[in-house]
Amino acid sequence: MNATAEAAQAPPPSIAEPAVPARPQVWFDGVLCDIDALQAGLTTHAMHYGSGVFEGIRSYATADGAAVFRLPEHMARMREGAALLGMRFDPAQATDAVLATLRANRHRDAYIRPLTWFGEGGFGLDVEGHAEHLMVATTSTRVHLGGTRARLGISTWRRNPADSLPPLKLCGAYVNSILAKRESRSRGFDEALFTDADGFVVECTGANVFIVRAGRVTAVQHRDALPGITRDTLIRLSGAESRTVTLEELFDADEVFACGTAAEVAPVHGVEGRSYGDNPVTRELAALYARVVRGEAEAARGWLTAV
């Protein structure tokens, strides 16, 4: 990927003053550029083989200005994925890039996508000799699962097993999610639910799963599921038990909800033919989570990085 337009200068630290850019800005290899001024070469390794690592992160408008939720944890997970591919990744540089891009676009409530990948070079699975790139893009907030009570279909596809692909945000791994989601959508559902061959719940295509039974909250745990940062947040906020959960237990639950950076706390209306009720515990947790990410609850202390 090469920048074909002159890089824009990074704006000052304050998010209150910069003019709205005529076109969205992206951070690419150290400079801010118009998003339509960049191109990727046709031999980009990541495009052919999925050799990249990404994160999904959110910033929120708070009383003290924009802030990014649990940014260090996202950077640490991204570094872990990059290390597996033998890719250089500097969390401090990526953190600065996230903040600079938010300032440039004047985004407060935003979805943030950092991506590092192997670029142009010859065909083949070896990554040696390929250029390494880092970009950050930000967009106005989009809610995964539509912010509504989703209906889940159980996928016939299995989640990538952890001993084949580690549960990190490796680009190529998400073809598995695309297949499962397409299948469930074709059956009239909003989202897919992965289970394993032994009947244990794994996760959704891009979100972790919780169940509520008799007021007790349980976080679904599975070795093949992404160790979600939102999942960890909700366990800390609710005191939820983390353990394996069978599909039978999920059907027998009073409430089910999915969670993730993009989904936040998303109540589940039903799984296959099983419908759930009013989701009062889910609503309470969703309201608490909303206060936390906006710095309106004591629990948010230390979880917000000011823009």
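Computed from the coordinates by the stated procedures, all read-outs in this text should not be read as laboratory data. It should be emphasised that the depicted structure is a prediction, and the values quoted were computed from it without experimental measurement. Cβ sites come from the backbone with ideal geometry, for glycine too, and all protein chains shown count toward neighbours.
Quick notes
- Cα-based convex hull, the range 185-281, per residue volume (Å³, whole number): 99
- Applying both filters, DSSP loop and at most 15 other Cβ atoms within 10 Å, to the GluC sites (Glu not before Pro) of the range 108-210 gives 128.
- Near residue 255, the amide H atoms lying under 5 Å from its own belong to 212; only residues 5 or more places off or on other chains count, and H is placed 1.01 Å from N.
- For the range 77-134 versus the range 175-197, the spacing of their alpha-carbon centroids is 28 Å.
- The chain - mean residue ellipticity at 222 nm from DSSP helices (-39,500 (n - 2.57) per run, n ≥ 4, rounded to 500): -7500 deg cm²/dmol
- Size estimate for the chain follows the Kirkwood approach: the inverse of mean 1/r over distinct Cα pairs works out to 20.4 Å.
- Under Karplus coefficients 6.51, -1.76 and 1.60, residue-wise ³J(HN,Hα) of the range 152-165 in Hz, glycine/proline x: 9, x, 6, 6, 7, 7, 9, 5, 3, x, 4, 7, 10, 9
- Length-normalised contact order of the chain in % [C-alpha pairs under 8 Å, at least 6 apart]: 19
- Coupling constants for the range 261-278 follow from the phi torsions by the Karplus curve (6.51 cos²θ - 1.76 cosθ + 1.60, θ = phi - 60°), and in residue order they are 4, 7, 6, 6, 10, 10, x, 9, 6, x, 10, 6, x, 8, 9, 10, x, 7 Hz; glycine and proline get x.
- Relative exposure of 293, 175, 127, judged by other C-beta atoms within 10 Å (fewest first): 175, 127, 293
- Phi angles across the range 242-249 convert, under the Karplus curve 6.51 cos²θ - 1.76 cosθ + 1.60 with θ = phi - 60°, into 3J(HN,Hα) values of 10, 7, 5, 9, 7, 5, 4, 5 Hz, Gly and Pro given as x.
- Normalised contact order of the range 150-295, rounded percent, pairs of Cα under 8 Å and 6 or more residues apart: 23
- Site pair residue 186 and residue 76 shows an inter-label distance of 4.1 nm when each label is modelled 7 Å from Cα along Cα→Cβ.
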